Amino acid sequence: MRYRFDNTLARSTGRLVGWLAVTCLGIVVPASALLVWTDPASPRSLSGRLTAVWRVSAETLRLGAVTGAPLRMLLSVVLGLMALLYVSTLIGVITTALTDRLTELRRGRSTVVETDHSVVLGWSEQVFTVVGELVAARPDQRWGAVVVLADRDKTEMEEALAAVLGPTGTTRLICRSGSTADPEALGLVSPGSARAVLVLPATETAGDAETVRTLLALHAVLGEHAGPPVVACVRDERYRTAARLAAGPRGIVLESDRTAAGLIAHSALHPGLTPVLRELLDFAGEEFYLADAPELVGRRFGDVLLDCATAAVAGLVRADGTPLLNPPAETVLAPGDRLVVVAPDADTARWEDCRHLVEPSPPAEPGPDADTPSRFLLLGWNRRAPHLVDQLRRHARWGSHLHVVTDPAEQAPPTPPLPEPRRDPALADGFAVTFAAADPTEPSALRGLDPGSYDRIIVLGPDTGADADRPDHRTLVVLLILRSLAREAGRAVPVVAELADERNRVLAPLGPGSEVVVGGQLTGLLMAQVSQNGQLAKVFEELFAAGGSALRLRPAHHYVLPDRPASFATVVAAARDRGECAIGYRCHDPAAAHTRHEVRLNPAKDGRRIWSRADEIVVIVADAAAEGGAGGAGETGGSHVARVDVS
């Protein structure tokens, strides 16, 4: 019976309406008759009771309660049915319209009506870092908004961002779904009224062409309107020129693969600078700002270093936009010049003479640079590896050696511009590169490489093969094996590990002196910094470019006597006498085993502390390339230079 009834309902809508009518009449008419017959006030005659049954049934079914001639009752039924049809249709239309509208809103296809908001185009591993930094960079704006447009489900994006970022305060996160290369979809996020537009790099290298298309679509939407500053990022340098042309004169194009490779290389060559760069690039603490100081016009730069009590002066930007980090002390500030300072906020610089805080002290100990060549072991291969090898070749000391070990089953063989694989080091350019094939996740194979004989080990995650989707899995396995081998040998070699996900940092089994580089995170931090102040792009380019100014970590006893108290103003004055700008320090606290090192940028100039031999001063030096190659791993008094090509 149920089967036959279901088949009857499935045949047509008319049958469904018929069954509904029969069911209603089968319930309403008997119930109405029961009400009438059990009512003491009901008519005594049969015709009167039937009329009462009709009235109750008609009122229940909203068919009218007209009695009398059959024609009048028929007209009443017709009018009731028409009213029922009208109301039902109206409710259906309203319900459908509301459902469609809610569906459209859930799909993220409504137009964003905002001004001075930040627009993020695309979805990659940098999205969480970029959005998080944009939220942190706008605490002074009560109703700030960050709009994300990507070819993903709106609800999925909102849930992912909320899970990683948590509460965003008064900053509203708005997600829209659509292709970033579609001008119609770009119009939904109102890029013309935005404060800045950031185009994230695609997940795959082949997606750089999509980035160029996005920039062209953005130009089509903005038209001749100047529009907001655009910060884009590509992975492959071959697309950088096309992206620059598509971005226009106000566009800034970064290269993520080369930047990430440079960060890994300088972490291997100059231990300790990764946390310094992270502090400079994020908005949580101290970062670079441009400060106006018209009252300092005509003063020498060397004197200005001690003229600010609440910020660390690092350089200046000329009126024409030319950055000068750590210029000569005799450089005179001209009208229109802006100072590059490290401060917690753009408006916190307080100009006052701090020369009285400089304490007279005996000359500090000299700091001879080490010139010992280094031996590096590279485990793994990916698309950033050629850039990494090139950076090591450029900046490692003469006579250094790099041994590359790749998994023949999953890793691509080295390609030009790398030299052909060779077993014996050849020092034609002062840097030897040798190759071997082995599985780094196999303990016996890794033991055969004798990792304890190297000065530094670099572990790269794969971007091809079975582990391409989750490269950190293989990296964590390799780190575990390296730690086990270090315990067996009784000697821990510092390791630089590349991770794709910042959340895996706490899982990485690292030994003393080891570091984790999340290239995508630091690239995202750089994009967020540049998007908030376009003039900082030239500052970072000057800071990271080979041959320009550079960040270094120098032992504190090169500036002040060890194990004696001294103010940071004394350190700034000593660094100035050496032709450097001191902007902070990195202290070693043996009691804090969980942190081990603490980076302090822009400390108070009147702050006095006892400087140990393990402490290091963060300085900016000029013309780093003139001093030769960088120091090897484990160096404490050498040339800790960070050079990353972001052009």
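The values are calculated or read from the model by the stated rules, or taken from the named source; none is laboratory data. What you are looking at is a predicted structure, and each value in this text was computed from that prediction instead of being measured. In this analysis, Cβ positions are derived from the backbone assuming ideal geometry, glycine residues included, and neighbour counts consider all displayed protein chains.
Residues in region 580-610 that are assigned to a strand (DSSP E or B), at pLDDT 60 or above and not basic (Lys, Arg): how many? Spell out the reasoning first.
Residues of region 580-610 assigned to a strand (DSSP E or B): 581-588, 597-601, 608-610.
Within this subset, residues satisfying the condition of being at pLDDT 60 or above are 581-588, 598-601, 608-610.
This time we only want the ones that are not basic (Lys, Arg), so: 581-585, 587-588, 598-599, 601, 610.
Counting residues in region 580-610 that are assigned to a strand (DSSP E or B), at pLDDT 60 or above and not basic (Lys, Arg) gives 11.
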* Scope region 115-125; condition touching a strand residue (DSSP E or B) at 6+ places or on another chain (Cβ under 9 Å) and either modelled with pLDDT under 85 or acidic (Asp, Glu) (or both); matching residues -> 116
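If a residue must be modelled with pLDDT of 90 or more and assigned to a loop (DSSP other than H, G, I, E, B), how many such residues does region 456-471 contain? Lay out the reasoning, then the answer.
Here is the first cut: in region 456-471, the ones modelled with pLDDT of 90 or more are 456-460.
From what's left, assigned to a loop (DSSP other than H, G, I, E, B): 460.
Matching residues across region 456-471 total 1.
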* Of all residues making up region 236-259, the number that are under 26 Å from residue 117 (Cα atoms) and basic (Lys, Arg) -> 2
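Which of the residues that make up region 333-360 are surrounded by fewer than 14 Cβ atoms within 10 Å (Cβ to Cβ) and not in a loop (DSSP other than H, G, I, E, B)? I'd like the intermediate steps shown before the answer.
Just the residues of region 333-360 that are surrounded by fewer than 14 Cβ atoms within 10 Å (Cβ to Cβ), to begin with: 334-336, 347, 350, 352-353, 355-356, 360.
Residues satisfying the conditions are 355, 356.
Test residue 171 against the criterion of being more than 17 Å from residue 524 (Cα to Cα), within 18 Å of the chain's Cα centre (by Cα), among the hydroxyl-bearing types (Ser, Thr, Tyr) and assigned by TED's automatic domain parsing to the domain that holds residue 223, and give yes or no. Before you say what the answer is, go through the steps one by one.
Details: more than 17 Å from residue 524 (Cα to Cα): yes; within 18 Å of the chain's Cα centre (by Cα): yes; among the hydroxyl-bearing types (Ser, Thr, Tyr): yes; assigned by TED's automatic domain parsing to the domain that holds residue 223: yes.
So residue 171 fits the description; yes.
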* If you check 510, 525, which single one turns out to be farther than 30 Å from residue 119 by Cα and modelled with pLDDT under 90? -> 510
* Structure fact -> Scanning region 280-289 for residues that are in contact with a Leu (Cβ under 8 Å, 6 or more places away or on another chain) and surrounded by fewer than 19 Cβ atoms within 10 Å (Cβ to Cβ) gives 285
* To do: Would you tally the residues in region 333-368 being modelled with pLDDT under 70 and under 36 Å from the mean Cα position of the chain (by Cα)?
  => 0
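Among the candidates 147, 164, single out the residue that is closer than 28 Å to residue 257 by Cα, modelled with pLDDT of 90 or more and either assigned to a loop (DSSP other than H, G, I, E, B) or of a type outside the set (Gly, Ala, Ser) (or both).
Details: 164 fails: modelled with pLDDT of 90 or more.
Testing whether each residue is closer than 28 Å to residue 257 by Cα, modelled with pLDDT of 90 or more and either assigned to a loop (DSSP other than H, G, I, E, B) or of a type outside the set (Gly, Ala, Ser) (or both) leaves just 147.
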* When only residues in region 6-29 that are surrounded by 13 or more Cβ atoms within 10 Å (Cβ to Cβ) and of a type in the set (Val, Ile, Thr) count, which is nearest to the chain's Cα centre (by Cα)? -> 8
* Could you please tell me which pairs satisfy a Cβ distance under 6 Å, a separation of 6+ or placement on different chains, a first residue in region 11-32 that is farther than 15 Å from residue 58 by Cα, and a second residue that is surrounded by 11 or more Cβ atoms within 10 Å (Cβ to Cβ) and among the β-branched types (Val, Ile, Thr)? => 15/8
* Out of all the residues in region 240-267, which are crowded, with 22+ Cβ neighbours inside 10 Å and over 21 Å from the mean Cα position of the chain (by Cα)? -> 246
* Determine if region 220-235 includes at least one residue that is touching a helix residue (DSSP H, G or I) at 6+ places or on another chain (Cβ under 6 Å), among the aliphatic types (A, V, I, L, M) and surrounded by fewer than 16 Cβ atoms within 10 Å (Cβ to Cβ). => yes
* Could you say which residue among 43, 30 is in the same structural domain as residue 77 (by TED's automatic domain parsing) and part of a loop (DSSP other than H, G, I, E, B)? -> 43
* Tell me which residues, restricted to region 61-93, are crowded, with 16+ Cβ neighbours inside 10 Å, closer than 19 Å to residue 20 by Cα and either modelled with pLDDT of 80 or more or out of contact with any Ser or Thr (no Cβ under 7 Å at 6 or more places or on another chain) (or both). => 61, 80
* Asked: Just one of the numbered conditions (1) surrounded by fewer than 20 Cβ atoms within 10 Å (Cβ to Cβ); (2) at positive phi is not true of residue 299; which one?
  -> (2)
* Which ones in region 169-181 are assigned to a loop (DSSP other than H, G, I, E, B), surrounded by fewer than 19 Cβ atoms within 10 Å (Cβ to Cβ) and on the phi < 0 side of the Ramachandran plot? -> 170, 179
* In this structure, is residue 209 over 18 Å from residue 129 (Cβ atoms), crowded, with 22+ Cβ neighbours inside 10 Å, in contact (Cβ under 8 Å) with a residue 12 or more places away in the chain and of a type in the set (A, V, I, L, M, F, W, C)? -> no
* To do: Please state which of the following conditions residue 195 fails to meet, knowing it meets all the rest: (1) within 19 Å of the chain's Cα centre (by Cα); (2) on the phi > 0 side of the Ramachandran plot.
  => (2)
* Structure fact -> Out of (1) touching a residue at least 40 places away in the same chain (Cβ under 8 Å); (2) among the hydrophobic types (A, V, I, L, M, F, W, C); (3) assigned to a helix (DSSP H, G or I), the one residue 185 does not meet is (1)
* To do: Just give me the residues in region 272-293 being more than 24 Å from residue 586 (Cα to Cα) and at pLDDT below 85, in sequence order.
  => 293
* Based on what the data block shows, is residue 328 farther than 19 Å from residue 526 by Cα and modelled with pLDDT of 85 or more? -> yes
* Asked: Just checking, how many residues over region 472-498 are more than 16 Å from residue 441 (Cβ to Cβ) and not in a strand (DSSP E or B)?
  -> 9
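Can you name the helices (runs of 4 or more DSSP H) wholly within region 211-327 that have at least 2 residues being within 30 Å of residue 192 (Cα to Cα) and among the polar types (S, T, N, Q)? Write out each step before concluding.
On the way: elements: 240-247, 256-269, 273-281, 301-304.
So the answer is 256-269.
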* Within the bounds of region 94-114, is there any residue that is closer than 25 Å to residue 529 by Cβ and at pLDDT below 90? -> yes
